[in-house]
Every structure is written in structure tokens, then in C-alpha cells.
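K.L.:
Okay, here's the structure, questions in a sec.
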Amino acid sequence: MTQSFHLDTLAVRGGIERSQFGEHSEAMYLTSSFVFQSAAQAAARFSYQEPGNVYSRFTNPTVTTFEKRLAALEGAEECIATASGMSAILSTVMGLLKAGDHIVCSASVFGSTVQLFGTVMKRFGIETSFVTGTAIAQWQAAISPNTKILFVETPSNPLTEVFDISALADLAHGAGALLVVDNCFCSPVLQRPLDMGADIVIHSATKYLDGQGRVLGGAVLGKKSVIHDGVYSFLRIAGPTLSAFNAWVITKGMETLGIRMAAQSAAALELATWLEAQPGIERVYYPGLPSHPQHALAMRQQKLGGAIVAFDVKGGKESAWRVVDNTRLISITANLGDTKSTITHPASTTHGRISPQARQAAGIGDGLLRVAVGLENLQDLKEDLARGL
Ligand SMILES: *Cc1c(COP(=O)(O)O)cnc(C)c1O
């Protein structure tokens, strides 16, 4: 589909290739392999001389539809779908790096990403330096001659720190490295990192792209040279592939991505504003609030503030747990990106295994709660939180 269509149109119609049956909705191709018309055609497909499907570990039309649709939304030349967000990050590193290479990564990234870089990749001779904070000077100081990737999530989880994507891209390119942005929290509806100079965008499609908490999926996007020769070559051999079923579910979920992100962001802003006025609350973290330290940068980079709100409850862990335990509507679960609102106490769950000192350094206090705002009525959500506050 041509690039001249707007994002909301591409979200509904991007990547469709109809079969001979003329189906209106996207077809789901549940098949492990594809049949060739002759020995010569089989040989041509295997040697890449003829484009076409071969085997669903590396080509499937339903997965291709998802890849084309997401590529159109992110403005990317190429997209590779993966089985989960973590396998997207794994495939990027395995496809592009080798022993002796170095990663500079934000300390405020998804917990499993920290484990993957700091523990698993370390066993294969890839070292990672974790940077605390958003200051470019800190990132600059962590770069060494063998640095190949700068990795960031913005806004970060759970404190919603906002990182300057174009400044980090300039820094990476000056050092001969690639900037990788995990765009899970914003989705392309709110933020397009490739437009700001990032080289690679990562998605956990499990979150807002599906949007209804049904399946796992992921994606890696960027220039053809980087994505095809590096990431796809690894995926084709190693097989952390997205299933056709999950690809279909996520593709259909993406049709409502725009209206969900807009509605959930608007609700999050209203909830954050309300929380700021509650006497039991110490501080609210939300990029859409003027009180956010990087509000101006966030509003330059993002269309809206997103749907994640964090806040410190006065009285520490006891008070925070009281809020959690008094909810009747909001789900107590670490997932996010769902139409159902969720609440977590990071210090005892997602960030429970890091030392209290490291948690303190990261600004994750015992009174901190994170709410991922869904599509329920806002008054119901406020009442659900007010009960424990
Ligand atoms: C959930 C998440 C991931 C990992 O995605 P999975 O689909 O669970 O593997 C990566 N990054 C961010 C920001 C996430 O929220």
C-alpha cells in the first residue's frame, strides 16, 4: 500500500493481499509448509531466485500481512515478526552483534531485557554498560570503541522518564553504533522513533498492538540492510518466529490501535491530574502532566502522554498495598497495554529481585504504584483507587 495514506487508514488496510477467494477480512494461513509446482520452482524458491513462501519458520502470508502493516505504521523499510517482544530483542542482538561487542543500555528498561543483556549475552562475550538517567553526558561516558548498540525505552517503565531520541541517535551515529528504541509504551500512533533518527524499533506486540491481552508477539523494524541481512538471517535459521494465528490476532488488534491509544491516553491524563490532587499521594509520574520534568520533550516526541501512570503513595509499602488490595475493578497483574486497567507494586513484583539499594538508585520507592489505564469508565477507575487512598 502506498505511503500516501494516513496512519489510521494504514492500520486498517495495510498489508492486505487477497487470495483467489476474494475474502474481505485478512485470511489466516495455518500451514507449516507451501507446495511448489515443480522441482525447478522448489529450487528457485530455496535459492531466493524466485520470491514466495517456502516454510512458515521464515515465510507465511498471514505473518507477512502483520509485518507490512506495522512497517507502514512505523515508516520502516522492513519489519520482521517474532514470537514475543523478548525474542525480537534476542534476534536483534544475535543477528547484529558478535563476541567482543559492547551494548550501552538504559538501566530503566524491561526487567527481562536487563537479564538478557547482563546475564545471557555476557556468557557469549557481549558486554553491556547500564546507564542511569536521561542525561546525554552519562550515555556519552559509557560508550567505548567496541560499542555497537545503544538501547533505550521511552517513556521508561515504571517512572515514565523520557529520553531524547534524536540526541541519542546523533550520539550513536557519531560512535559508529546503532540506536535501538523499544517503542512498546507509545506504539507508532504516539511516537515514530525512525523519523527521529533511530535505526531500529522493537515491539512487544503482546501489549498495545494486540491491545486486548490475548497473545504474545514481537517485531523488529528498520532499514532493509540491517533488518534483512542481520535480524532475518538469524530468525530464519534459529526460528523464534511469530505463529500465523498470533499474527492474525495482532493484525486485527492493530485496526483499533489509533482509537485505543487516544482514548487510553486521554483517560490516563485525566486520572493523573486527579491523582495529583489527592491528599494521600506524594507525587505523580506522567509525561502528559506539566509537572513532569521532561514534559516539553515528551510533547515534542510524542503525540500524547501514553496510558501508563505511576505515583508515590504517602506511607510507603503498607499504604501502597492498601490501595492495591482495595481495588475491585482494576486487575492486580503486571501486564499492560490491555483494554482492562491493571495495577502493580513494582518494588515487590517486577523490580522485587533487585537489591533495595539498586531500587532506591532507580527511584523505585516502596510507595510506588503503576497503573496501565484501559478503556473502563474513568469515574469507576477513580472510585476503585479512592477506596484504598
Ligand atoms: C513486555 C515488554 C517486553 C517483552 O515483551 P514480551 O512480548 O513479553 O516478550 C519488552 N519491552 C517492553 C517495554 C515490554 O513492556
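K.L.:
Relative contact order for segment 79-179: what is it in percent, counting Cα pairs under 8 Å that are at least 6 residues apart?
P.N.:
Across segment 79-179, relative contact order equals 27 percent.
K.L.:
Round to a whole angstrom and tell me the spacing of the C-alpha centers of segment 130-196 and segment 237-311.
P.N.:
Between the Cα centre of segment 130-196 and that of segment 237-311, the gap is 18 Å.
K.L.:
Please tell me the relative contact order of segment 276-375 in percent, rounded to the nearest whole number, where contacts are Cα pairs under 8 Å and at least six residues apart.
P.N.:
Contact order relative to length: 30 percent.
K.L.:
Let me ask something else. Nearest 10 degrees is fine. How inclined is helix 316-325 to the longest principal axis of the chain, computing both from alpha carbons?
P.N.:
On a 0 to 90 degree scale, this one is about 60.
K.L.:
DSSP loop (so not H, G, I, E, B), at most 13 other Cβ within 10 Å: list which chymotrypsin sites (Phe, Trp or Tyr not before Pro) in segment 101-161 pass both filters.
P.N.:
Listed in order of number, the matching sites are F124.
K.L.:
Still on this model: Taking the alpha-carbon set of segment 1-82, what are its Rg and Dmax in Å?
P.N.:
Every Cα atom of segment 1-82 included, Rg and Dmax give 14.3, 43 Å.
K.L.:
Right, another one. Please quote Rg/Rh for the chain to two decimal places, taking the Kirkwood radius as Rh and restricting both calculations to Cα atoms.
P.N.:
For the chain, the value is 0.99.
K.L.:
Tell me, what ³J(HN,Hα) does each residue in segment 189-198 have, in order and in whole Hz, if you take phi through Karplus 6.51 cos²θ - 1.76 cosθ + 1.60 with θ = phi - 60° and put x for Gly and Pro?
P.N.:
5, 9, 7, 10, x, 5, 5, 9, x, 5
K.L.:
Sticking with this structure for a sec: Which trypsin sites (Lys or Arg not before Pro) from segment 340-384 combine a DSSP loop assignment with at most 12 other Cβ atoms within 10 Å?
P.N.:
Listed in order of number, the matching sites are R353.
K.L.:
Students often get this wrong, so check it: of K148/K303; K122/K148; K68/K340, which have C-alpha atoms separated by over 18 Å?
P.N.:
K148/K303; K68/K340
K.L.:
Going by a ≥ b ≥ c, the root eigenvalues of the Cα gyration tensor, does segment 231-389 fall in the rounded group (a/c under 1.5), the prolate group (a/b larger than b/c) or the oblate group?
P.N.:
prolate
K.L.:
Put a dot 7 Å past each Cα toward the Cβ at T339 and D325; how far apart are the dots in nm?
P.N.:
3.3 nm
K.L.:
For a footprinting-style exposure proxy, rank L168, L269 by other Cβ within 10 Å, fewest first.
P.N.:
Placing the least packed residue first, the sequence is L269, L168.
K.L.:
Using r as the Cβ-Cβ distance of K303 and E282, and R0 as 25 Å, what FRET efficiency do you calculate, to the nearest 0.05?
P.N.:
For K303 and E282, the calculated efficiency is 0.30.
K.L.:
Next question, about the same structure. Of the beta bridges DSSP finds with both residues in the chain, what % are antiparallel, to the nearest 5?
P.N.:
55 percent
K.L.:
Can you run phi through the Karplus equation (6.51, -1.76, 1.60; θ = phi - 60°) for segment 75-81 and list ³J(HN,Hα) in whole Hz, with x for Gly and Pro?
P.N.:
x, 9, 5, 9, 9, 10, 7
K.L.:
Just want to confirm a number: the relative contact order over the chain, from Cα pairs under 8 angstrom separated by 6+ residues, in percent.
P.N.:
16 percent
K.L.:
Are there chymotrypsin sites (Phe, Trp or Tyr not before Pro) in segment 19-83 that DSSP puts in a loop and that have at most 12 other Cβ atoms within 10 Å, and which ones?
P.N.:
Answer in residue order: F21, Y48.
K.L.:
Please state the shape class of segment 153-275: rounded when a/c is under 1.5, otherwise prolate if a/b exceeds b/c and oblate if not, all from the C-alpha gyration tensor.
P.N.:
oblate
K.L.:
Taking only Cα atoms, what is the 0 to 90° angle, nearest 10, from helix 257-276's long axis to the longest principal axis of the chain?
P.N.:
Approximately 10 degrees, to the nearest ten.
K.L.:
At most 12 other Cβ atoms within 10 Å plus a DSSP loop assignment makes a site exposed; report the longest stretch of the chain without any exposed GluC sites (Glu not before Pro).
P.N.:
Formally, the longest exposed-site-free interval is 24-389.
K.L.:
For E161, enumerate residues with amide H under 5 Å from its amide H, sequence gap 5+ or separate chain, H modeled in the peptide plane.
P.N.:
S156
K.L.:
With a 10 Å cut-off between alpha carbons and a GNM built on the chain, which of A72, A219, A40 moves the most?
P.N.:
So, out of A72, A219, A40, the one fluctuating most is A40.
K.L.:
I want to check the label-to-label distance for L30 and I332. Put each point 7 Å from Cα in the C-beta direction and report it in nm to one decimal.
P.N.:
Those two pseudo-labels are separated by 3.6 nm.
K.L.:
Continuing with the same structure: Students often forget the sequence filter, so: which lysines lie under 17 Å Cα-Cα from K317 once same-chain residues fewer than 8 apart are removed?
P.N.:
Partners found: none.
K.L.:
Using amide H atoms built in the peptide plane, which far-off residues or other-chain residues are under 5 Å from L178 H to H?
P.N.:
I149, L150
K.L.:
Still on this structure: Tell me the Kirkwood radius of segment 298-389: reciprocal of the mean inverse pair distance over distinct alpha-carbon atoms, in Å.
P.N.:
Mean inverse Cα-Cα distance, inverted, gives 13.8 Å.
K.L.:
Counting only residues 5 or more places away or on other chains, whose amide H sits under 5 Å from the amide H of I281 once H atoms are built in the peptide plane?
P.N.:
Distant-sequence amide H within range of I281: K314.
K.L.:
Could you go through segment 282-287 in sequence order and give the Karplus-derived ³J(HN,Hα) for each residue, using 6.51 cos²θ - 1.76 cosθ + 1.60 with θ = phi - 60°, rounded to whole Hz, and x for Gly and Pro?
P.N.:
Per residue, the Karplus-derived 3J(HN,Hα) values read 7, 7, 10, 10, 7, x Hz.
K.L.:
Next up: Rounded, prolate or oblate: which fits segment 68-194, taking a ≥ b ≥ c as square roots of the Cα gyration tensor eigenvalues, rounded meaning a/c under 1.5, else prolate when a/b beats b/c?
P.N.:
rounded
Since every read-out is calculated from the coordinates, none of them should be taken as a lab result. Just so it is clear, the structure is predicted and the values come from calculations on it, not from any experiment. All Cβ positions, glycine included, derive from the backbone under ideal geometry; neighbour counts span all protein chains shown.
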